[in-house]
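Right, one structure below, let's go through it.
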Amino acid sequence: MLPGLRDPSNRVSRRAVGYWTARAAADGLGVLAAETAVAVGAGFGLGWRIALAATLLAVAAYALIMPRWRYRVHRWEVTGEAVYTRTGWISVHWRIAPISRIQTIDSHRWLGERLFGLANVTATTASAAGPVHIRGLDRRTADRLLDQLTAATGQVPGDAT
């Protein structure tokens, strides 16, 4: 943790672990399929079989470790003054955006996320650092957060620039 900062108080939905695991496994299967096609075209020798086994182990490790580690890191919080996020799993990224700098608030739910009951909230700010993303929320939490941010930004005078 950074000096002077406390962890944001909210975790993302536990269902995000399942979603991230499914995405990692699907991505890994795509890599394995492509590698298998090349291996078959090249004669499927011992070197290719070893490479495929190593890729399979790496994909399995990634799909098992990354989502759980990411869940432990990802946190968010909204106060009367700011939106706080902490994301990542190898490199941890903190974002603190003052409520007064938020210009728009969006929610998006990709197909896979909808299947897992998840949603994302994005607060676009007048910052060169770009928007603040809170990913992996359950739908109800995302809807409440949209309402909360709408009310909070509506109380701040000016145009957030």
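The values are calculated or read from the model by the stated rules, or taken from the named source; none is laboratory data. In this text, all values refer to a predicted model and were calculated from it rather than measured experimentally. Every residue, glycine as well, gets a Cβ built from its backbone with ideal geometry; the counts of neighbours run over all protein chains shown.
Some points to look at:
- Where a residue in the range 56-70 is over 9 Å from residue 28 (Cα atoms) and its partner, wherever it lies, is among the polar types (S, T, N, Q), with Cβ under 7 Å and at least six apart: 67/21
- Given (1) over 30 Å from residue 140 (Cα atoms); (2) aliphatic (A, V, I, L, M); (3) in the same structural domain as residue 120 (by TED's automatic domain parsing), number of the condition residue 90 does not satisfy: (1)
- When 2, 46 are screened for being surrounded by fewer than 16 Cβ atoms within 10 Å (Cβ to Cβ), of a type outside the set (Asp, Glu), under 19 Å from residue 90 (Cβ atoms) and modelled with pLDDT under 95, only 2 passes.
- The residues of the range 83-94 that are modelled with pLDDT under 90 and surrounded by 15 or more Cβ atoms within 10 Å (Cβ to Cβ) amount to a single one, 89.
- Filter pass, residue 60 being exposed (fewer than 15 other Cβ atoms within 10 Å of the Cβ) and either in contact with a His (Cβ under 8 Å, 6 or more places away or on another chain) or not in a loop (DSSP other than H, G, I, E, B) (or both): yes
- Taken as a whole, the structure leaves residue 34 outside the set of residues that are over 30 Å from residue 96 (Cβ atoms), surrounded by fewer than 17 Cβ atoms within 10 Å (Cβ to Cβ) and within 16 Å of the chain's Cα centre (by Cα).
- Strands (runs of 3 or more DSSP E) contained in the range 73-161 and holding at least 3 residues touching a Lys or Arg at 6+ places or on another chain (Cβ under 6 Å) and farther than 19 Å from residue 6 by Cα: 118-125
- Residues in the range 11-46 that are touching a Lys or Arg at 6+ places or on another chain (Cβ under 9 Å) and basic (Lys, Arg): 1 in all.
- Only a single item in (1) without any contact (Cβ under 8 Å) to a residue 24 or more places away in the chain; (2) within 23 Å of residue 150 (Cβ to Cβ); (3) part of a loop (DSSP other than H, G, I, E, B) is not met by residue 43, and it is number (2).
- Residue among 117, 43, 28 that is at positive phi and touching a helix residue (DSSP H, G or I) at 6+ places or on another chain (Cβ under 7 Å): 117
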